[in-house]
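Undergrad: Quick one: the structure is below, and I'll ask about it shortly.
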Amino acid sequence: MALLTTQNLTAHYGDFQALFGVDIELNEGETIAIIGANGAGKTTLMRSISGVLTNQPDMVTLEGVPIGNASADAIMAQGVAMVPEGRKLFPSLSVEENLLIGTYGRKTAGHWSLETIYDLFPILKERRNNPGTALSGGQQQMVAIGRALMSNPRVLLCDEVSLGLAPVVIKDIYQAVPKIKHAGASMIVVEQDIGQAMKVADRVYCMMEGRVTLTGTPDSLSRDAIHDAYFGAAA
């Protein structure tokens, strides 16, 4: 049984339909990447999985249990944590206080604690008493990832963690992915950077206009096939 699935997932913002029958599957210990251009539906997919948007119950399942209509806090309590696009740190809190927020919705034993987050991102220990939003963009992203990990999630959703960051910073952040997987979290990574997605993913889903247009392992997908699935095949 897959750890997490979406089945014929649809999503709307008022009268606007953003997702059209999206099926994805995440297995235990796996990292999947969701790629696609702006407006493809990637963030809407993450919001639907995390409970920010509610759906029909069986459109999202966690170990076979329908969670599509569960609230965001209930889904987090079951072990699904999200690193949101834009980081969404609390400006009035220090780095360490922002990290500790991650334990409020799910207090469970596991690998991740302040000590292990600081081992993963040593710069955060140096800056732990600084306001979270006083850090560089890359350091803020580390805080956002650490905050999600503090709940010791079974599934970690990462929405555009490289957006707006310098390549050297992106490299530092993605070097943490193997350590996160080794500690027991399965991951869904949303990325516009196709090359970065291919480096970290066991499988890739490409989306365009709210639909999955291609899926496979990085080694099995040709550049032309990805281009057509990403932008649409030329007429």
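The values are calculated or read from the model by the stated rules, or taken from the named source; none is laboratory data. All values derive from a computational prediction rather than experimental measurement. Note that we place each Cβ from the backbone using ideal geometry, even for glycine, and neighbour counts take in every protein chain shown. Quick note on the areas: whole protein, heavy atoms, side chains included, nothing else; ligands and nucleic acids left out. Shrake-Rupley method; radii C 1.70, N 1.55, O 1.52, S 1.80 Å.
Undergrad: How much solvent-accessible surface does residue 171 expose, in Å² to the nearest 10, with a 1.4 Å probe and all protein chains in place?
TA: Around 130 Å² of this residue is reachable by solvent.
Undergrad: On the principal axes of its Cα set, how long, how wide and how thick is segment 108-148? Give whole Å, largest value first.
TA: On the principal axes, segment 108-148 reaches 30, 17, 14 Å in Cα extent.
Undergrad: Still on this structure: Just 96, 209, 126 to compare: in a GNM of the chain, with alpha carbon springs under 10 Å, which one fluctuates most?
TA: Result: 126 has the largest fluctuation of those listed.
Undergrad: Here is a further query. To make sure I understand the rule: partners must be lysines, Cα under 30 Å from the Cα of residue 199, and not fewer than 8 residues away in the same chain. Which ones qualify?
TA: 42, 88, 125, 171, 179, 181
Undergrad: So, one more: Place a +1 charge on the Cβ of each Lys and Arg in segment 4-231 and a -1 charge on the Cβ of each Asp and Glu, then give the dipole magnitude about the Cα centre in debye, rounded to the nearest 20.
TA: Taking the Cα centre of segment 4-231 as origin, the dipole is about 580 debye.
Undergrad: Per the 1.4 Å probe, what fraction of the accessible area of the chain, in percent, lies on carbon and sulfur atoms?
TA: Carbon and sulfur atoms account for 51 percent of the accessible area of the chain.
Undergrad: Need one value: the accessible area of residue 104 in square angstrom, 1.4 angstrom probe, rounded to the nearest 10.
TA: Roll a 1.4 Å probe over it and residue 104 shows about 150 Å².
Undergrad: So what is the 222 nm mean residue ellipticity for the chain from helices alone, if each DSSP H run of at least 4 adds -39500 (n - 2.57) and you divide by all residues, rounding to the nearest 500 deg cm²/dmol?
TA: Calculated at 222 nm, the ellipticity per residue is -8500 deg cm²/dmol.
Undergrad: May I ask you to rank 100, 3, 165 by accessible area, largest first, using a 1.4 Å probe over the protein chains only?
TA: 100, 165, 3
Undergrad: Let me ask something additional. Give me the 1.4 Å probe accessible area per residue for the chain, excluding ligands and nucleic acids, in Å².
TA: Each residue of the chain exposes 46 Å² on average to a 1.4 Å probe.
Undergrad: Just by accessible area at a 1.4 angstrom probe, what is the order of 108, 5 from largest to smallest?
TA: Output order, biggest surface exposure first: 108, 5.
Undergrad: OK, next. Any idea of residue 47's accessible area? Nearest 10 Å², probe 1.4 Å.
TA: 100
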